[in-house]
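Working notes, beginning with the structure itself.
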Amino acid sequence: KAGVTQTPRYLIKTRGQQVTLSCSPISGHRSVSWYQQTPGQGLQFLFEYFSETQRNKGNFPGRFSGRQFSNSRSEMNVSTLELGDSALYLCASSAQGSWETQYFGPGTRLLVL
Amino acid sequence: DAKTTQPPSMDCAEGRAANLPCNHSTISGNEYVYWYRQIHSQGPQYIIHGLKNNETNEMASLIITEDRKSSTLILPHATLRDTAVYYCIVRVANAGGTSYGKLTFGQGTILTVHP
(Lines give C-alpha, C1' and ligand atoms only; values in the text may rest on other atoms or scores of the structure.)
Protein backbone atom coordinates (compact mmCIF):
# COMPACT_ATOMS: atom_id res chain seq x y z
CA LYS A 1 0.00 0.00 0.00
CA ALA A 2 1.38 3.41 -0.93
CA GLY A 3 2.24 5.73 1.92
CA VAL A 4 1.23 9.31 2.54
CA THR A 5 2.34 11.58 -0.29
CA GLN A 6 2.87 15.31 -0.15
CA THR A 7 3.39 17.78 -2.96
CA PRO A 8 5.40 19.74 -3.65
CA ARG A 9 8.40 18.55 -1.67
CA TYR A 10 10.18 21.90 -1.77
CA LEU A 11 8.88 25.40 -2.26
CA ILE A 12 10.35 28.89 -2.21
CA LYS A 13 8.05 31.88 -1.79
CA THR A 14 8.43 35.54 -0.89
CA ARG A 15 6.81 37.43 1.93
CA GLY A 16 3.20 38.39 1.29
CA GLN A 17 2.54 35.56 -1.15
CA GLN A 18 0.26 32.65 -0.45
CA VAL A 19 0.94 28.94 -0.78
CA THR A 20 -1.09 25.75 -1.08
CA LEU A 21 0.29 22.39 -0.02
CA SER A 22 -1.28 19.05 -0.87
CA CYS A 23 -1.50 15.77 0.99
CA SER A 24 -2.80 12.42 -0.24
CA PRO A 25 -3.45 10.00 2.61
CA ILE A 26 -2.94 6.26 2.61
CA SER A 27 -5.73 4.60 0.63
CA GLY A 28 -8.73 4.04 2.87
CA HIS A 29 -7.62 6.53 5.51
CA ARG A 30 -10.16 9.24 6.26
CA SER A 31 -8.39 11.38 8.85
CA VAL A 32 -5.66 13.83 7.86
CA SER A 33 -3.70 15.95 10.33
CA TRP A 34 -1.22 18.71 9.55
CA TYR A 35 1.87 19.73 11.52
CA GLN A 36 4.46 22.46 11.27
CA GLN A 37 8.06 21.73 12.26
CA THR A 38 10.61 24.45 12.91
CA PRO A 39 13.98 24.29 14.71
CA GLY A 40 12.74 26.62 17.42
CA GLN A 41 9.25 25.26 18.11
CA GLY A 42 9.60 21.63 17.10
CA LEU A 43 6.57 19.76 15.78
CA GLN A 44 3.32 21.62 16.32
CA PHE A 45 -0.21 20.53 15.47
CA LEU A 46 -2.05 22.69 12.92
CA PHE A 47 -5.41 21.01 12.30
CA GLU A 48 -7.18 17.74 11.63
CA TYR A 49 -9.81 16.84 9.06
CA PHE A 50 -12.15 13.89 8.90
CA SER A 51 -14.80 13.34 6.25
CA GLU A 52 -14.29 16.85 4.87
CA THR A 53 -14.83 18.46 8.29
CA GLN A 54 -12.25 20.20 10.45
CA ARG A 55 -12.50 18.60 13.86
CA ASN A 56 -9.61 20.22 15.66
CA LYS A 57 -7.33 23.22 15.26
CA GLY A 58 -4.05 24.18 16.89
CA ASN A 59 -2.92 27.61 18.00
CA PHE A 60 -2.07 29.15 14.67
CA PRO A 61 -3.33 32.42 13.16
CA GLY A 62 -6.18 32.50 10.69
CA ARG A 63 -3.70 32.80 7.82
CA PHE A 64 -3.37 29.03 8.11
CA SER A 65 -6.35 27.17 6.70
CA GLY A 66 -7.12 23.83 5.21
CA ARG A 67 -9.72 21.65 3.62
CA GLN A 68 -10.39 18.06 2.82
CA PHE A 69 -12.00 16.65 -0.29
CA SER A 70 -14.44 13.78 -0.67
CA ASN A 71 -11.57 11.45 -1.65
CA SER A 72 -9.84 12.34 1.67
CA ARG A 73 -7.07 14.30 -0.02
CA SER A 74 -6.30 17.45 1.91
CA GLU A 75 -4.80 20.84 1.20
CA MET A 76 -3.50 23.50 3.51
CA ASN A 77 -3.14 27.13 2.59
CA VAL A 78 -1.04 29.85 4.13
CA SER A 79 -1.87 33.38 3.08
CA THR A 80 0.26 36.51 3.44
CA LEU A 81 3.42 34.54 4.09
CA GLU A 82 5.85 35.69 6.75
CA LEU A 83 9.50 34.80 7.16
CA GLY A 84 8.59 32.79 10.25
CA ASP A 85 6.41 30.49 8.17
CA SER A 86 9.54 28.85 6.79
CA ALA A 87 9.23 25.30 8.03
CA LEU A 88 8.73 21.65 7.21
CA TYR A 89 5.00 21.01 6.84
CA LEU A 90 3.96 17.46 7.54
CA CYS A 91 0.71 15.67 7.10
CA ALA A 92 -0.31 12.41 8.70
CA SER A 93 -3.22 10.10 7.98
CA SER A 94 -5.05 7.55 10.07
CA ALA A 95 -7.70 5.04 9.20
CA GLN A 96 -10.82 6.11 11.01
CA GLY A 97 -10.81 7.66 14.39
CA SER A 98 -8.22 10.02 15.75
CA TRP A 99 -7.11 7.41 18.25
CA GLU A 100 -5.68 5.22 15.56
CA THR A 101 -2.04 5.27 14.57
CA GLN A 102 -1.01 8.21 12.42
CA TYR A 103 1.36 7.72 9.50
CA PHE A 104 3.35 10.68 8.28
CA GLY A 105 4.30 11.82 4.82
CA PRO A 106 7.77 13.08 3.85
CA GLY A 107 6.78 16.71 4.28
CA THR A 108 6.93 19.89 2.22
CA ARG A 109 9.82 22.18 3.00
CA LEU A 110 8.76 25.80 2.60
CA LEU A 111 11.26 28.63 2.49
CA VAL A 112 9.94 32.19 2.69
CA LEU A 113 12.33 34.90 1.52
CA ASP B 1 -2.36 14.35 27.31
CA ALA B 2 0.28 13.42 29.84
CA LYS B 3 3.70 14.98 29.52
CA THR B 4 6.76 12.86 28.76
CA THR B 5 10.40 13.28 29.74
CA GLN B 6 13.23 11.85 27.66
CA PRO B 7 17.01 12.24 27.83
CA PRO B 8 18.16 14.73 25.18
CA SER B 9 20.75 12.40 23.67
CA MET B 10 22.11 8.87 23.79
CA ASP B 11 24.85 6.92 22.06
CA CYS B 12 24.89 3.28 21.04
CA ALA B 13 27.41 1.02 19.34
CA GLU B 14 26.34 -0.59 16.11
CA GLY B 15 25.04 -4.12 16.68
CA ARG B 16 24.24 -3.51 20.31
CA ALA B 17 20.80 -2.99 21.80
CA ALA B 18 19.64 0.59 22.16
CA ASN B 19 17.42 1.18 25.19
CA LEU B 20 15.61 4.51 25.11
CA PRO B 21 13.80 5.50 28.32
CA CYS B 22 10.72 7.65 28.68
CA ASN B 23 9.12 8.94 31.85
CA HIS B 24 5.37 9.59 31.85
CA SER B 25 4.56 9.71 35.55
CA THR B 26 1.22 11.50 35.07
CA ILE B 27 -0.17 9.05 32.53
CA SER B 28 -3.84 8.21 32.83
CA GLY B 29 -5.38 4.78 32.59
CA ASN B 30 -6.80 5.42 29.14
CA GLU B 31 -3.60 6.78 27.58
CA TYR B 32 -1.42 4.88 25.16
CA VAL B 33 2.34 5.22 24.86
CA TYR B 34 3.48 5.82 21.27
CA TRP B 35 6.98 5.91 19.84
CA TYR B 36 7.96 7.65 16.63
CA ARG B 37 11.34 8.44 15.16
CA GLN B 38 12.45 11.09 12.73
CA ILE B 39 15.48 10.75 10.56
CA HIS B 40 16.90 14.09 9.54
CA SER B 41 14.43 16.17 7.50
CA GLN B 42 12.06 13.26 6.89
CA GLY B 43 8.55 12.74 8.25
CA PRO B 44 8.22 10.98 11.61
CA GLN B 45 8.04 7.21 11.31
CA TYR B 46 5.70 5.20 13.53
CA ILE B 47 7.56 2.54 15.52
CA ILE B 48 5.30 0.96 18.12
CA HIS B 49 2.65 1.69 20.73
CA GLY B 50 1.15 0.04 23.80
CA LEU B 51 -1.28 0.49 26.67
CA LYS B 52 0.01 -1.64 29.52
CA ASN B 53 1.39 -4.87 28.11
CA ASN B 54 4.81 -5.17 26.56
CA GLU B 55 4.73 -5.06 22.79
CA THR B 56 7.07 -6.27 20.05
CA ASN B 57 7.09 -5.82 16.32
CA GLU B 58 9.62 -6.14 13.53
CA MET B 59 11.22 -2.83 14.43
CA ALA B 60 11.38 -2.73 18.21
CA SER B 61 10.10 -3.79 21.60
CA LEU B 62 8.23 -1.62 24.06
CA ILE B 63 8.51 -2.35 27.76
CA ILE B 64 6.01 -0.54 29.99
CA THR B 65 6.46 -0.68 33.76
CA GLU B 66 3.69 -2.16 35.84
CA ASP B 67 2.70 1.23 37.24
CA ARG B 68 2.80 2.63 33.67
CA LYS B 69 4.83 5.63 34.80
CA SER B 70 7.73 4.87 32.48
CA SER B 71 8.60 2.84 29.42
CA THR B 72 11.62 1.76 27.41
CA LEU B 73 11.92 1.40 23.67
CA ILE B 74 14.39 -1.31 22.71
CA LEU B 75 16.06 -1.54 19.32
CA PRO B 76 17.61 -5.01 19.63
CA HIS B 77 20.46 -4.65 17.14
CA ALA B 78 21.04 -0.99 16.35
CA THR B 79 22.41 -0.05 12.93
CA LEU B 80 23.76 3.23 11.62
CA ARG B 81 20.39 3.81 9.94
CA ASP B 82 18.73 3.91 13.36
CA THR B 83 20.42 7.25 14.07
CA ALA B 84 17.45 9.58 14.51
CA VAL B 85 15.39 11.60 16.97
CA TYR B 86 13.09 9.32 18.95
CA TYR B 87 9.84 10.72 20.33
CA CYS B 88 7.80 9.20 23.14
CA ILE B 89 4.19 10.41 23.11
CA VAL B 90 1.22 9.60 25.29
CA ARG B 91 -2.32 10.18 24.10
CA VAL B 92 -5.80 9.18 25.12
CA ALA B 93 -7.21 5.99 23.68
CA ASN B 94 -10.42 7.59 22.44
CA ALA B 95 -9.18 11.00 21.47
CA GLY B 96 -11.95 13.46 20.82
CA GLY B 97 -12.70 17.14 21.06
CA THR B 98 -9.48 19.10 21.42
CA SER B 99 -7.46 15.89 21.03
CA TYR B 100 -8.73 14.94 17.58
CA GLY B 101 -5.75 14.13 15.39
CA LYS B 102 -3.33 15.85 17.73
CA LEU B 103 -0.03 14.30 18.71
CA THR B 104 1.97 16.40 21.17
CA PHE B 105 5.67 16.01 20.40
CA GLY B 106 8.34 16.87 22.96
CA GLN B 107 12.01 17.40 22.21
CA GLY B 108 12.74 13.68 21.91
CA THR B 109 16.02 11.80 22.29
CA ILE B 110 18.74 12.10 19.68
CA LEU B 111 20.10 8.58 19.28
CA THR B 112 23.48 8.34 17.60
CA VAL B 113 24.64 4.89 16.56
CA HIS B 114 28.41 4.61 16.21
CA PRO B 115 30.31 2.12 14.02
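The values are calculated or read from the model by the stated rules, or taken from the named source; none is laboratory data. Keep in mind it's a predicted model, so treat the numbers as computed, not measured. As a convention, Cβ positions derive from the backbone with ideal geometry for all residues, glycine included, and neighbour counts pool all protein chains shown. Ligands, DNA and RNA are stripped out before the accessible areas are found, and what is left, the full protein with its side chains, is counted by its heavy atoms. Shrake-Rupley method; radii C 1.70, N 1.55, O 1.52, S 1.80 Å.
Give the interface area between chains B and A as buried accessible surface, both sides summed, probe 1.4 Å, in Å² to the nearest 100.
It comes to approximately 1700 Å² buried between B and A.
Relative to the Cα centre, what is the charge dipole magnitude of the stretch A:1-59, using +1 at the beta carbon of each Lys and Arg, -1 at the beta carbon of each Asp and Glu, and rounding to the nearest 20 debye?
The dipole magnitude comes to about 100 debye.
Could you list the GluC sites (Glu not before Pro) in the stretch A:6-113 that lie in coil according to DSSP, counting only those with at most 12 other Cβ atoms within 10 Å of their Cβ?
Here the sparse-neighbourhood loop sites are A:GLU82.
Just to confirm my numbers, what's the Cα centroid distance between the stretch B:1-57 and the stretch B:74-89 in Å?
Here the two parts' Cα centres lie 9 Å apart.
Which of the three applies to chain A, rounded, prolate or oblate, going by the alpha-carbon gyration tensor with a ≥ b ≥ c and a/c under 1.5 meaning rounded?
Cα axes put chain A in the prolate bin.
Using 5 Å bins from zero, what percent of all Cα-Cα pairs in the protein assembly as shown falls into each bin?
1, 7, 14, 18, 18, 16, 12, 8, 4, 1, 0
Work out the mean other chain Cβ neighbour count within 10 Å for the residues of B:36-46 and drop it here as an integer.
For this peptide, the per-residue mean of nearby foreign Cβ atoms is 5.
Please state the equivalent ellipsoid semi-axes for the stretch B:9-115: what are the square roots of 5 times the Cα gyration tensor eigenvalues, largest first, in whole Å? Show your work: numbers first, answer last.
Working: eigenvalues 116, 50, 24 Å².
For the stretch B:9-115, the ellipsoid semi-axes come out as 24, 16, 11 Å.
Considering chain B, which cysteines have no disulfide-compatible partner, defined as another cysteine with its Cβ under 4.7 Å away?
Taking the Cβ cut-off of 4.7 Å, the unpaired cysteines of chain B are B:CYS12.
Straight-line reach from A:LYS57: which lysines fall under 21 Å, measuring Cα to Cα and dropping same-chain residues less than 8 apart?
The reachable lysines, counting only those whose Cα sits under 21 Å from A:LYS57, are B:LYS3, B:LYS102.
Quantify how strongly other chains surround peptide A:40-50 by giving the mean number of their Cβ atoms within 10 Å of each of its Cβ atoms.
For peptide A:40-50, the averaged partner shielding equals 4.
Taking 8 Å as the Cα distance limit and 6 or more residues as the minimum spacing, I'd like the relative contact order of chain B as a percentage.
Contact order relative to length: 37 percent.
Looking at the square roots a ≥ b ≥ c of the eigenvalues of the Cα gyration tensor of the stretch A:5-45, which shape do they give, rounded for a/c under 1.5, prolate if a/b is larger than b/c, or oblate?
On the way: a/c = 2.51, a/b = 1.40, b/c = 1.79.
Cα axes put the stretch A:5-45 in the oblate bin.
Over chain A, what is the relative contact order in percent, taking alpha-carbon pairs closer than 8 angstrom and at least six residues apart? Present the calculation step by step, with values, prior to reporting the outcome.
Numbers: 289 pairs, mean separation 41.0, N = 113.
Relative contact order here is 36 percent.
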